[in-house]
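For reference, the structure discussed in these notes is given below.
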Amino acid sequence: MNILDVLFGWILGILSPLVVEKVKKRLQREELKDGLIIELEEVQIKLISLTYLMNSDYGTFDRQFLQWIEPLVRKYKGIEISRVTNISKHINSLLLLTDGLLSEHVEQSRRESPTGASVKKFYLPFLNSKLDSLSLFDCEFQRRILDINAQLLTLNGEIERAQFYHAKTFDSSLGENNYNIVNKNLDMTYRNIGDMSRKLVDRIDIVISEKLTSHNTLKHHST
């Protein structure tokens, strides 16, 4: 047997396990990323709904806000698609209003009973079960994912505060002055929740958009 054949076979024997391991890690990384993106998409649409709710009742609800939220809602294709489609139609109908009519609509909705009391916490169970596997990704992706997780925990803390203040509004032992203070704090907390959830929507959108861009690039190269 030629010495070159022996040498070549020896090199292949060394490289093959390395190549197999590299391919295996790449497949694991793509599978994990797909799972993370699906979970982020579902949390994002819930955060969008929360942002809409908080801003319509307490924060800034104007044409600029609607123009921010409309493309985010439109591109959603997840399990809540039927409900979200109705929301999308409603947003588009509001965008057709003149500025004056839109302002009237916002004021009318704020005179009705606010629904902030129904706000619930947000969780990323899949992400938290895979934290040890994040080392498969580059540092920037890890940083963004962990930042989203941390910001979500901070939001949950503010939601707890809102639940506390809301419960206090039913406390008959509160004097008028303390009752007004509790309501003021509750209003401010709901505004904070609206701002925080909007920032989280944008953070999540960066991660989702990068995934879609990467997928489209690979699809283009494969054709």
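I need the calculated FRET efficiency for the pair Ser118 and Glu31, taking r as the beta carbon distance and R₀ as 45 Å, to the nearest 0.05. Don't jump to the answer; show the numbers that get you there.
Values: r = 35 Å, r/R0 = 0.78.
After rounding, the FRET efficiency stands at 0.80.
Please give the contour-minus-distance gain from Ile206 to Gln108: 0.36 nm per residue of separation, less the Cα-Cα distance, rounded to one decimal in nm. Numbers along the way, then the final one.
Working: separation 98, 0.36 × 98 = 35.28 nm, distance 3.43 nm.
Result for the pair: 31.8 nm of gain on full extension.
Taking 0.36 nm per intervening residue step and subtracting the Cα-Cα distance, what contour gain separates Asn177 from Asp147 on full extension? The partial results should precede the final answer.
On the way: separation 30, 0.36 × 30 = 10.80 nm, distance 3.91 nm.
My answer for the length gained is 6.9 nm.
Read the figures in this text as sums done on the coordinates, not as results from a lab. What you are looking at is a predicted structure, and each value in this text was computed from that prediction instead of being measured. We place every Cβ from the backbone using ideal geometry, glycine too, and count neighbours over all the protein chains shown.
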